[in-house]
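For reference, the structure is listed below as structure tokens.
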Amino acid sequence: MIVVAEGEKIKIRPISLEDVPQFVKWWNDGELMASVGFSRGLGVTEAKLYDDFSEEISDPSSLRERRRYVVLDKVNDLPIGELVYGQLDLAENKCRIGIKICELSYQGKGFGKDALVTFILFLFNHFDLQKIEIDTLADNLRAYSLYKKVGFRETKKESKFWQDPDGIWHDVIFMEMEKPEFQY
Ligand SMILES: CC(C)(COP(=O)(O)OP(=O)(O)OC[C@H]1O[C@@H](n2cnc3c(N)ncnc32)[C@H](O)[C@@H]1OP(=O)(O)O)[C@@H](O)C(=O)NCCC(=O)NCCS
């Protein structure tokens with residue numbers, strides 16, 4: 001197993017095709033996905049995700065614009081969540097990231113903070129970044145307070161920025177962090 005980074009409680013590894021059923025289960029779980037605005041889940045199929053994952057995994061570029069990773073519980077190597085970076089911009093030395101602790105029983109126990117901090121350290125070093133951006137629905141207070149805690153600063157709050165599949169409009173908070181602001 002290729003581990004790209006290790007924190008106090010978690011390890012981070014790239015996605016593999018064997019992860020597809022696990023991701024389908026997570027992404028279709030309305031209880032988990034409600035905090036990101038999909039209270040009935042994403043409705044993805046294994047076939048679709050298999051294609052997406054295959055494309056990503058077969059791309060050898062170490063500078064790929066977007067990649068997903070799996071968060072493992074360090075104690076037993078079980079997958080508990082996902083991380084993603086995207087919009088990698090090496091001219092501006094920045095990217096955007098996302099995080100989910102997908103196993104509900106693991107939430108609120110410090111795994112999210114450890115995964116986020118470990119991933120940010122990995123990205124700053126791996127791509128020599130100066131800035132990382134993140135965003136959250138304004139009603140996701142748990143994510144918002146975690147992001148503040150590790151050093152993200154609010155840059156913009158857009159009212160009624162995104163409409164979920166049930167037709168409900170959400171405010172979105174955009175945040176960023178320069179390397180010296182990082183708290184870990
Ligand atoms: C948001 C998420 C990543 C946080 O990870 P977590 O493992 O649950 O949180 P942690 O136990 O690491 O807590 C870290 C910090 O988050 C904040 N936090 C955690 N639970 C919280 C809650 N119920 N209310 C407010 N803040 C909370 C606190 O600042 C906490 O720091 P503290 O423990 O020192 O007070 C995780 O809950 C998750 O993935 N949720 C579902 C998907 C999601 O919302 N993803 C983010 C999309 S923008």
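Things to note:
- Candidates 166, 171, filtered to the one that is more than 7 Å from the ligand (Cβ to nearest atom) and part of a loop (DSSP other than H, G, I, E, B): 166
- Scan of segment 104-128 for residues that are within 11 Å of the ligand (Cβ to nearest atom), on the phi < 0 side of the Ramachandran plot and over 15 Å from the mean Cα position of the chain (by Cα), ordered by number: 104, 105, 106, 109
- Members of segment 88-103 that are within 15 Å of the ligand (Cβ to nearest atom) and either over 14 Å from residue 71 (Cβ atoms) or of a type in the set (Gly, Ala, Ser) (or both): 96, 98
- From 36, 70, 4, 24, residue being over 24 Å from residue 114 (Cβ atoms), in contact (Cβ under 8 Å) with a residue 12 or more places away in the chain and among the hydrophobic types (A, V, I, L, M, F, W, C): 24
- Restricting segment 129-143 to residues that are near the ligand (Cβ under 8 Å from one of its atoms) and in contact (Cβ under 8 Å) with a residue 24 or more places away in the chain leaves a set whose member that is surrounded by the most Cβ atoms within 10 Å (Cβ to Cβ) is 136.
None of the figures in this text is laboratory data; all of them are computed from the coordinates on show. The model shown is predicted, which means the values in this text are computed figures rather than measured ones. We place every Cβ from the backbone using ideal geometry, glycine too, and count neighbours over all the protein chains shown.
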